[in-house]
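Chemist: Here you go, one structure.
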Amino acid sequence: MFRRVLVANRGEIAIRVMRTLREMRIGSVAVYSDADRDAAHVRAADRAVRIGPPPAAESYLKIPAILEAARESGAEAVHPGYGFLAENPAFARACEDAGLAFLGPTEEAMAAMGDKSTARGHADRAGVPTVPGVPASADSAEIARAARRLPLPVLLKAAAGGGGKGMRRVTHWDGLAEAIEAAKREGLSAFGDPRLIVEAYIHPVRHVEVQVLGDGRGDVLALGERECSLQRRHQKIIEESPSPAVDEPLRERLLEAARKVAAAVRYRGAGTVEFLLGPDGRFYFLEMNTRLQVEHPVTEMITGLDLVELQLRVADEGRLPLAQSDVRRRGCAIEARLYAENPDEQFLPTSGEVLELHWPHWPHVRVDSGIARGQSVGVHYDPLLAKVIAWGDTRER
(Lines give C-alpha, C1' and ligand atoms only; values in the text may rest on other atoms or scores of the structure.)
Protein backbone atom coordinates (compact mmCIF):
# COMPACT_ATOMS: atom_id res chain seq x y z
CA MET A 1 0.00 0.00 0.00
CA PHE A 2 1.10 3.60 -0.59
CA ARG A 3 3.04 5.26 2.21
CA ARG A 4 2.11 8.85 1.35
CA VAL A 5 -0.71 10.34 -0.74
CA LEU A 6 -1.10 13.93 -1.94
CA VAL A 7 -4.67 15.27 -1.96
CA ALA A 8 -4.93 17.68 -4.90
CA ASN A 9 -7.91 19.55 -3.51
CA ARG A 10 -9.16 21.64 -0.62
CA GLY A 11 -12.10 22.00 1.78
CA GLU A 12 -14.35 19.21 2.97
CA ILE A 13 -13.37 16.64 0.34
CA ALA A 14 -9.67 17.01 1.15
CA ILE A 15 -10.36 16.49 4.86
CA ARG A 16 -12.65 13.54 4.13
CA VAL A 17 -9.94 11.81 2.03
CA MET A 18 -7.35 12.49 4.73
CA ARG A 19 -9.58 10.83 7.32
CA THR A 20 -9.37 7.52 5.45
CA LEU A 21 -5.64 7.95 4.90
CA ARG A 22 -5.18 8.42 8.64
CA GLU A 23 -7.27 5.34 9.42
CA MET A 24 -5.16 3.32 6.96
CA ARG A 25 -1.95 4.76 8.45
CA ILE A 26 -1.00 6.41 5.17
CA GLY A 27 0.70 9.81 5.29
CA SER A 28 -1.26 12.73 3.83
CA VAL A 29 -0.01 15.79 1.95
CA ALA A 30 -2.17 18.89 1.53
CA VAL A 31 -1.70 21.57 -1.10
CA TYR A 32 -2.82 25.13 -0.51
CA SER A 33 -2.99 28.54 -2.11
CA ASP A 34 -2.16 31.74 -0.24
CA ALA A 35 -5.88 32.19 0.47
CA ASP A 36 -5.95 28.80 2.21
CA ARG A 37 -2.80 29.11 4.28
CA ASP A 38 -4.79 28.72 7.52
CA ALA A 39 -7.58 26.52 6.12
CA ALA A 40 -8.86 23.45 7.95
CA HIS A 41 -7.59 20.99 5.31
CA VAL A 42 -4.05 22.32 5.75
CA ARG A 43 -4.18 21.63 9.49
CA ALA A 44 -5.67 18.18 8.91
CA ALA A 45 -2.74 16.93 6.82
CA ASP A 46 0.55 15.45 7.95
CA ARG A 47 2.34 17.85 5.61
CA ALA A 48 1.28 20.84 3.51
CA VAL A 49 2.87 22.43 0.44
CA ARG A 50 2.11 25.89 -0.99
CA ILE A 51 1.24 25.79 -4.70
CA GLY A 52 0.49 29.42 -5.60
CA PRO A 53 -1.62 32.56 -5.19
CA PRO A 54 -5.42 32.54 -4.58
CA PRO A 55 -6.77 32.26 -8.16
CA ALA A 56 -7.45 28.58 -8.89
CA ALA A 57 -5.79 28.86 -12.31
CA GLU A 58 -2.55 29.74 -10.53
CA SER A 59 -2.79 27.13 -7.79
CA TYR A 60 -5.31 24.25 -7.63
CA LEU A 61 -5.57 24.05 -11.43
CA LYS A 62 -1.82 24.38 -12.05
CA ILE A 63 -0.63 20.87 -12.89
CA PRO A 64 3.14 21.55 -12.72
CA ALA A 65 2.78 23.07 -9.24
CA ILE A 66 0.89 20.03 -7.94
CA LEU A 67 3.37 17.58 -9.47
CA GLU A 68 6.25 19.53 -7.91
CA ALA A 69 4.47 19.40 -4.53
CA ALA A 70 4.17 15.62 -4.88
CA ARG A 71 7.86 15.31 -5.76
CA GLU A 72 8.93 17.59 -2.91
CA SER A 73 6.80 15.77 -0.33
CA GLY A 74 7.66 12.24 -1.46
CA ALA A 75 4.05 11.32 -2.30
CA GLU A 76 3.51 8.10 -4.23
CA ALA A 77 -0.10 8.72 -5.28
CA VAL A 78 -2.50 11.60 -5.92
CA HIS A 79 -6.17 11.75 -4.95
CA PRO A 80 -7.94 14.47 -6.99
CA GLY A 81 -11.14 14.76 -4.90
CA TYR A 82 -13.91 16.38 -6.98
CA GLY A 83 -13.82 19.59 -8.99
CA PHE A 84 -10.60 21.35 -10.04
CA LEU A 85 -8.51 18.74 -11.92
CA ALA A 86 -10.49 15.66 -10.88
CA GLU A 87 -11.89 15.02 -14.38
CA ASN A 88 -8.99 16.37 -16.41
CA PRO A 89 -7.45 13.60 -18.57
CA ALA A 90 -4.23 15.62 -18.97
CA PHE A 91 -3.79 15.63 -15.18
CA ALA A 92 -4.31 11.86 -14.96
CA ARG A 93 -1.71 11.38 -17.70
CA ALA A 94 0.73 13.83 -16.08
CA CYS A 95 0.52 11.99 -12.76
CA GLU A 96 1.20 8.63 -14.39
CA ASP A 97 4.07 10.09 -16.44
CA ALA A 98 5.58 11.44 -13.21
CA GLY A 99 5.47 7.98 -11.65
CA LEU A 100 2.50 8.78 -9.40
CA ALA A 101 -0.54 6.54 -9.00
CA PHE A 102 -3.65 8.52 -9.96
CA LEU A 103 -6.53 7.53 -7.68
CA GLY A 104 -9.16 7.78 -10.37
CA PRO A 105 -9.91 6.35 -13.81
CA THR A 106 -7.45 6.11 -16.67
CA GLU A 107 -6.91 9.03 -19.01
CA GLU A 108 -8.70 7.09 -21.76
CA ALA A 109 -11.83 6.32 -19.70
CA MET A 110 -11.99 9.89 -18.45
CA ALA A 111 -11.75 11.31 -21.98
CA ALA A 112 -14.34 8.85 -23.29
CA MET A 113 -16.96 9.81 -20.70
CA GLY A 114 -16.05 13.48 -20.27
CA ASP A 115 -17.60 14.43 -23.61
CA LYS A 116 -21.39 14.07 -23.53
CA SER A 117 -21.61 13.10 -27.19
CA THR A 118 -18.91 10.42 -26.93
CA ALA A 119 -20.45 9.14 -23.69
CA ARG A 120 -23.84 8.77 -25.42
CA GLY A 121 -22.16 6.68 -28.09
CA HIS A 122 -20.65 4.31 -25.53
CA ALA A 123 -24.03 3.94 -23.80
CA ASP A 124 -25.80 3.27 -27.11
CA ARG A 125 -23.28 0.58 -28.06
CA ALA A 126 -23.64 -0.99 -24.61
CA GLY A 127 -27.40 -1.27 -25.18
CA VAL A 128 -28.29 1.30 -22.52
CA PRO A 129 -31.15 3.67 -23.45
CA THR A 130 -30.26 7.31 -24.05
CA VAL A 131 -32.49 10.39 -24.27
CA PRO A 132 -33.82 10.81 -27.85
CA GLY A 133 -31.59 13.35 -29.52
CA VAL A 134 -28.76 13.96 -31.96
CA PRO A 135 -24.93 14.06 -31.71
CA ALA A 136 -22.97 17.21 -30.92
CA SER A 137 -22.42 20.01 -33.42
CA ALA A 138 -21.08 23.56 -33.39
CA ASP A 139 -22.96 24.58 -36.55
CA SER A 140 -25.97 26.70 -35.54
CA ALA A 141 -27.99 25.84 -38.65
CA GLU A 142 -27.35 22.12 -38.17
CA ILE A 143 -28.34 22.37 -34.49
CA ALA A 144 -31.56 24.17 -35.43
CA ARG A 145 -32.48 21.54 -38.03
CA ALA A 146 -31.83 18.75 -35.53
CA ALA A 147 -33.94 20.48 -32.88
CA ARG A 148 -36.91 20.84 -35.23
CA ARG A 149 -36.93 17.09 -35.83
CA LEU A 150 -37.89 16.63 -32.16
CA PRO A 151 -41.17 17.59 -30.48
CA LEU A 152 -41.19 20.66 -28.24
CA PRO A 153 -39.85 21.29 -25.69
CA VAL A 154 -36.22 20.47 -26.53
CA LEU A 155 -33.07 20.81 -24.46
CA LEU A 156 -29.78 22.29 -25.70
CA LYS A 157 -26.73 21.11 -23.76
CA ALA A 158 -23.03 21.94 -24.00
CA ALA A 159 -21.28 18.79 -25.24
CA ALA A 160 -18.32 19.33 -22.90
CA GLY A 161 -20.42 20.75 -20.09
CA GLY A 162 -21.75 20.03 -16.67
CA GLY A 163 -23.37 21.74 -13.71
CA GLY A 164 -26.09 23.28 -15.87
CA LYS A 165 -23.68 25.53 -17.80
CA GLY A 166 -24.43 25.82 -21.50
CA MET A 167 -27.95 24.44 -21.04
CA ARG A 168 -31.13 25.97 -22.46
CA ARG A 169 -34.72 24.72 -22.65
CA VAL A 170 -36.61 25.73 -25.79
CA THR A 171 -40.40 25.83 -25.54
CA HIS A 172 -41.18 27.90 -28.69
CA TRP A 173 -39.47 27.69 -32.05
CA ASP A 174 -39.22 31.48 -32.33
CA GLY A 175 -36.75 31.46 -29.44
CA LEU A 176 -34.58 28.67 -30.86
CA ALA A 177 -31.93 30.76 -32.61
CA GLU A 178 -31.33 32.97 -29.58
CA ALA A 179 -31.12 29.94 -27.26
CA ILE A 180 -28.59 28.22 -29.53
CA GLU A 181 -26.26 31.22 -29.60
CA ALA A 182 -26.56 31.76 -25.83
CA ALA A 183 -25.79 28.10 -25.07
CA LYS A 184 -22.85 28.09 -27.49
CA ARG A 185 -21.37 31.23 -25.91
CA GLU A 186 -21.71 29.78 -22.42
CA GLY A 187 -20.22 26.44 -23.47
CA LEU A 188 -17.28 28.18 -25.12
CA SER A 189 -16.69 30.41 -22.11
CA ALA A 190 -16.98 27.67 -19.47
CA PHE A 191 -15.44 24.70 -21.30
CA GLY A 192 -13.68 26.08 -24.38
CA ASP A 193 -16.07 24.13 -26.61
CA PRO A 194 -19.15 25.59 -28.41
CA ARG A 195 -20.61 22.23 -29.51
CA LEU A 196 -24.17 21.49 -28.43
CA ILE A 197 -26.25 18.34 -28.08
CA VAL A 198 -29.98 18.50 -28.77
CA GLU A 199 -32.24 16.24 -26.72
CA ALA A 200 -35.93 15.75 -26.07
CA TYR A 201 -36.98 17.45 -22.84
CA ILE A 202 -38.42 14.85 -20.47
CA HIS A 203 -40.78 16.20 -17.84
CA PRO A 204 -41.51 15.51 -15.08
CA VAL A 205 -38.25 13.72 -14.45
CA ARG A 206 -36.14 12.41 -11.60
CA HIS A 207 -32.35 12.48 -11.43
CA VAL A 208 -31.19 9.02 -10.28
CA GLU A 209 -27.56 7.91 -10.34
CA VAL A 210 -25.68 4.68 -9.61
CA GLN A 211 -22.39 4.43 -7.74
CA VAL A 212 -19.96 2.08 -9.48
CA LEU A 213 -16.50 0.72 -8.76
CA GLY A 214 -14.38 -0.78 -11.52
CA ASP A 215 -11.07 -2.62 -11.72
CA GLY A 216 -9.95 -1.08 -15.04
CA ARG A 217 -10.28 -4.37 -16.91
CA GLY A 218 -14.05 -4.55 -17.37
CA ASP A 219 -15.20 -5.91 -14.01
CA VAL A 220 -17.60 -3.45 -12.34
CA LEU A 221 -19.58 -3.39 -9.09
CA ALA A 222 -22.79 -1.37 -8.68
CA LEU A 223 -23.13 -0.21 -5.08
CA GLY A 224 -26.66 1.20 -5.23
CA GLU A 225 -28.56 4.20 -6.51
CA ARG A 226 -28.95 7.76 -5.22
CA GLU A 227 -31.83 10.19 -5.73
CA CYS A 228 -30.55 13.68 -6.62
CA SER A 229 -33.66 15.42 -7.94
CA LEU A 230 -33.74 18.32 -5.43
CA GLN A 231 -31.62 20.89 -7.23
CA ARG A 232 -31.25 24.61 -7.77
CA ARG A 233 -29.77 25.94 -11.03
CA HIS A 234 -28.98 22.30 -11.93
CA GLN A 235 -26.85 22.02 -8.77
CA LYS A 236 -27.71 19.30 -6.27
CA ILE A 237 -28.79 20.31 -2.76
CA ILE A 238 -30.31 17.18 -1.19
CA GLU A 239 -29.32 13.61 -2.04
CA GLU A 240 -30.52 10.31 -0.64
CA SER A 241 -30.22 6.57 -1.03
CA PRO A 242 -32.15 4.53 -1.88
CA SER A 243 -34.40 6.49 -4.23
CA PRO A 244 -38.01 6.53 -2.99
CA ALA A 245 -39.12 6.23 -6.63
CA VAL A 246 -37.24 3.01 -7.40
CA ASP A 247 -38.58 -0.47 -6.62
CA GLU A 248 -36.44 -3.60 -6.65
CA PRO A 249 -37.05 -4.68 -10.30
CA LEU A 250 -36.27 -1.15 -11.54
CA ARG A 251 -33.24 -1.01 -9.25
CA GLU A 252 -31.79 -4.16 -10.76
CA ARG A 253 -32.23 -2.77 -14.28
CA LEU A 254 -30.57 0.53 -13.31
CA LEU A 255 -27.63 -1.20 -11.65
CA GLU A 256 -27.13 -3.51 -14.61
CA ALA A 257 -27.24 -0.55 -17.04
CA ALA A 258 -24.64 1.30 -14.95
CA ARG A 259 -22.36 -1.74 -14.94
CA LYS A 260 -22.63 -2.00 -18.74
CA VAL A 261 -21.73 1.67 -19.27
CA ALA A 262 -18.72 1.51 -16.94
CA ALA A 263 -17.52 -1.81 -18.34
CA ALA A 264 -17.70 -0.41 -21.89
CA VAL A 265 -14.82 1.98 -21.09
CA ARG A 266 -12.99 -0.41 -18.71
CA TYR A 267 -13.62 2.00 -15.88
CA ARG A 268 -11.20 2.03 -12.93
CA GLY A 269 -12.01 3.16 -9.41
CA ALA A 270 -15.08 4.99 -8.13
CA GLY A 271 -17.46 6.71 -10.53
CA THR A 272 -21.13 7.52 -11.00
CA VAL A 273 -23.45 6.75 -13.91
CA GLU A 274 -26.32 9.23 -14.02
CA PHE A 275 -29.81 8.58 -15.40
CA LEU A 276 -33.03 10.46 -16.01
CA LEU A 277 -36.08 8.57 -14.74
CA GLY A 278 -39.31 9.44 -16.52
CA PRO A 279 -42.84 9.32 -15.07
CA ASP A 280 -43.53 6.12 -17.02
CA GLY A 281 -40.69 4.26 -15.28
CA ARG A 282 -38.37 4.42 -18.28
CA PHE A 283 -34.83 5.59 -17.64
CA TYR A 284 -32.22 7.13 -19.91
CA PHE A 285 -28.44 7.46 -19.63
CA LEU A 286 -27.50 11.08 -18.89
CA GLU A 287 -23.74 11.15 -18.28
CA MET A 288 -20.95 9.61 -16.24
CA ASN A 289 -18.98 11.44 -13.56
CA THR A 290 -15.45 10.05 -13.58
CA ARG A 291 -14.63 10.88 -9.97
CA LEU A 292 -15.77 10.57 -6.39
CA GLN A 293 -19.10 12.41 -6.11
CA VAL A 294 -19.97 15.05 -3.52
CA GLU A 295 -22.83 12.82 -2.39
CA HIS A 296 -20.81 9.60 -1.98
CA PRO A 297 -21.39 9.55 1.84
CA VAL A 298 -25.02 8.45 1.45
CA THR A 299 -23.83 5.31 -0.36
CA GLU A 300 -21.22 4.76 2.34
CA MET A 301 -23.85 5.09 5.07
CA ILE A 302 -26.17 2.44 3.62
CA THR A 303 -23.45 -0.03 2.54
CA GLY A 304 -20.91 0.42 5.33
CA LEU A 305 -18.18 0.72 2.68
CA ASP A 306 -15.44 3.37 2.56
CA LEU A 307 -15.22 4.47 -1.08
CA VAL A 308 -11.87 6.23 -0.63
CA GLU A 309 -10.39 3.07 0.85
CA LEU A 310 -11.78 1.11 -2.11
CA GLN A 311 -10.18 3.61 -4.50
CA LEU A 312 -6.84 3.09 -2.78
CA ARG A 313 -7.11 -0.70 -2.82
CA VAL A 314 -8.08 -0.85 -6.51
CA ALA A 315 -5.15 1.41 -7.41
CA ASP A 316 -2.71 -0.59 -5.27
CA GLU A 317 -3.87 -4.14 -6.03
CA GLY A 318 -5.26 -3.73 -9.56
CA ARG A 319 -8.42 -5.67 -8.68
CA LEU A 320 -11.72 -5.27 -6.87
CA PRO A 321 -11.41 -6.10 -3.17
CA LEU A 322 -14.98 -7.47 -2.99
CA ALA A 323 -17.62 -9.12 -5.15
CA GLN A 324 -21.10 -7.90 -6.10
CA SER A 325 -22.58 -10.48 -3.73
CA ASP A 326 -20.63 -8.87 -0.86
CA VAL A 327 -22.48 -5.55 -1.29
CA ARG A 328 -25.26 -5.18 1.28
CA ARG A 329 -27.54 -2.15 1.51
CA ARG A 330 -29.45 -1.30 4.67
CA GLY A 331 -31.71 1.57 5.70
CA CYS A 332 -31.81 5.06 4.21
CA ALA A 333 -29.37 7.97 4.22
CA ILE A 334 -29.99 11.63 3.32
CA GLU A 335 -27.38 14.32 2.71
CA ALA A 336 -27.87 18.10 2.86
CA ARG A 337 -25.23 20.44 1.50
CA LEU A 338 -24.22 23.57 3.40
CA TYR A 339 -23.35 26.48 1.12
CA ALA A 340 -21.94 29.96 1.66
CA GLU A 341 -24.80 31.66 -0.19
CA ASN A 342 -27.01 34.66 0.42
CA PRO A 343 -30.74 33.79 0.27
CA ASP A 344 -31.60 37.51 0.00
CA GLU A 345 -29.50 37.77 -3.19
CA GLN A 346 -30.95 34.82 -5.13
CA PHE A 347 -28.58 32.45 -3.33
CA LEU A 348 -25.47 33.94 -4.91
CA PRO A 349 -22.15 32.89 -3.33
CA THR A 350 -21.09 35.08 -0.43
CA SER A 351 -17.99 35.53 1.72
CA GLY A 352 -17.27 36.32 5.35
CA GLU A 353 -16.01 34.89 8.61
CA VAL A 354 -17.34 31.80 10.39
CA LEU A 355 -18.38 33.33 13.73
CA GLU A 356 -20.22 30.40 15.32
CA LEU A 357 -20.14 26.74 14.39
CA HIS A 358 -21.98 23.94 16.17
CA TRP A 359 -22.34 20.48 14.64
CA PRO A 360 -24.87 17.84 15.75
CA HIS A 361 -23.27 14.99 17.71
CA TRP A 362 -26.06 12.45 17.38
CA PRO A 363 -26.09 8.74 16.60
CA HIS A 364 -26.11 7.96 12.87
CA VAL A 365 -25.28 11.57 11.91
CA ARG A 366 -22.10 12.32 9.96
CA VAL A 367 -20.64 15.73 9.14
CA ASP A 368 -18.08 16.18 6.35
CA SER A 369 -16.82 19.72 6.93
CA GLY A 370 -14.17 21.94 5.43
CA ILE A 371 -14.58 24.87 7.82
CA ALA A 372 -13.70 25.82 11.38
CA ARG A 373 -14.73 28.58 13.76
CA GLY A 374 -12.90 31.82 13.01
CA GLN A 375 -12.10 30.80 9.44
CA SER A 376 -12.60 33.26 6.60
CA VAL A 377 -14.66 32.09 3.63
CA GLY A 378 -13.35 33.80 0.52
CA VAL A 379 -14.60 34.41 -3.00
CA HIS A 380 -12.10 32.35 -4.97
CA TYR A 381 -13.60 28.85 -4.73
CA ASP A 382 -16.83 26.85 -4.71
CA PRO A 383 -19.25 27.96 -1.95
CA LEU A 384 -19.80 24.39 -0.69
CA LEU A 385 -18.62 24.36 2.93
CA ALA A 386 -19.84 21.11 4.43
CA LYS A 387 -22.34 18.26 4.25
CA VAL A 388 -24.61 16.81 6.92
CA ILE A 389 -25.57 13.17 6.41
CA ALA A 390 -28.09 11.21 8.48
CA TRP A 391 -28.95 7.51 8.46
CA GLY A 392 -32.08 5.71 9.65
CA ASP A 393 -33.50 2.23 9.30
CA THR A 394 -36.43 3.83 7.42
CA ARG A 395 -36.72 7.00 5.33
CA GLU A 396 -39.19 8.54 7.79
CA ARG A 397 -36.84 8.01 10.74
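Chemist: Could you give log10 I(q)/I(0) at q = 0.16, 0.18, 0.21 Å⁻¹ for region 44-133, computed by the Debye formula over C-alpha point scatterers of equal weight, without solvent?
Modeler: Ignoring solvent entirely, the Cα scatterers give -0.71, -0.82, -1.01.
Chemist: Enumerate the helices in the chain for which the Kyte-Doolittle hydropathy averages -0.5 or more and the C-alpha atoms extend at least 18 Å along the helix's axis, using complete DSSP H runs.
Modeler: 11-23, 176-191, 248-264
Chemist: Moving on. Please work out the average accessible area per residue across the chain, using the 1.4 Å probe convention, and give it in Å².
Modeler: Per-residue value: 45 Å².
Chemist: From the P(r) of the chain, could you give the percentage of C-alpha pairs in the tail past 40 Å?
Modeler: Tail of P(r) above 40 Å: 13 percent of Cα pairs.
Chemist: Please go through region 282-378 and write out the chymotrypsin sites (Phe, Trp or Tyr not before Pro) that DSSP classes as loop and that have at most 15 other C-beta atoms within 10 Å.
Modeler: Values: sites: Phe283, Tyr284, Phe285, Tyr339, Phe347; in loops: Phe347.
Of the chymotrypsin sites (Phe, Trp or Tyr not before Pro), the ones in loops of region 282-378 whose Cβ has at most 15 other Cβ atoms within 10 Å are Phe347.
Chemist: For the peptides 381-389, 255-263, 146-154, 17-25, what is the packing order when you average, over each peptide's residues, the other Cβ atoms within 10 Å and list the highest mean first?
Modeler: Top to bottom by mean Cβ count within 10 Å: 255-263, 381-389, 17-25, 146-154.
Chemist: Hey, any idea what Rg/Rh is for region 113-192, computing Rh the Kirkwood way over Cα pairs?
Modeler: Numbers: Rg = 12.5 Å, Rh = 13.0 Å.
Looking at region 113-192, the ratio lands at 0.96.
Chemist: Let me ask something additional. Which FRET efficiency value, to the nearest 0.05, is calculated for Arg330 and Ile238 with the Förster distance at 25 angstrom and r the Cβ-Cβ distance?
Modeler: Values: r = 21 Å, r/R0 = 0.82.
Given R0 = 25 Å and the Cβ-Cβ separation, E is 0.75.
Chemist: Next question, about the same structure. For region 153-219, treating each Cα as an identical point scatterer without solvent, what Debye log10 I(q)/I(0) comes out at q = 0.14, 0.23, 0.28 1/Å?
Modeler: Taking Cα atoms of region 153-219 as identical point scatterers yields -0.52, -0.92, -1.13.
Chemist: Then there's this: Among 128-135, 304-311, 7-14, how do they line up from the highest to the lowest mean number of other beta-carbon atoms within 10 Å?
Modeler: Details: 128-135: 17.6, 304-311: 19.2, 7-14: 26.4.
Sorting 128-135, 304-311, 7-14 by mean packing, highest first, produces 7-14, 304-311, 128-135.
Chemist: Determine the share of the chain's accessible area contributed by carbon and sulfur atoms, expressed in whole percent, with a 1.4 angstrom probe.
Modeler: Carbon and sulfur atoms account for 50 percent of the accessible area of the chain.
Chemist: Return the equivalent ellipsoid semi-axes of region 330-397 as a descending list in whole Å, where each equals the square root of 5 times an eigenvalue of the C-alpha gyration tensor.
Modeler: On the way: eigenvalues 145, 41, 17 Å².
After diagonalising the Cα gyration tensor, the semi-axes are 27, 14, 9 Å.
Chemist: Which of the peptides 80-91, 183-194, 369-380, 38-49 is most tightly packed, and how do the rest follow, judged by the mean count of other Cβ atoms within 10 Å per residue? Provide the component values of the computation, followed by the final result.
Modeler: Working: 80-91: 20.7, 183-194: 17.5, 369-380: 15.4, 38-49: 19.0.
Ranked from most to least packed, the peptides come out as 80-91, 38-49, 183-194, 369-380.
Chemist: Using Cα-Cα distances under 8 Å and only pairs 6 or more residues apart, what relative contact order does the chain have, in percent?
Modeler: 15
Chemist: For Arg3, put the label point 7 Å out on the Cα→Cβ axis and report which residues of region 65-95 keep their amide N under 15 Å from it.
Modeler: 71-77
The values are calculated or read from the model by the stated rules, or taken from the named source; none is laboratory data. Fair warning: this is a prediction, and the values are worked out from it, not measured in the lab. All Cβ positions, glycine included, derive from the backbone under ideal geometry; neighbour counts span all protein chains shown. Protein only, heavy atoms only, side chains kept; ligands, DNA and RNA dropped before computing areas. Shrake-Rupley method; radii C 1.70, N 1.55, O 1.52, S 1.80 Å.
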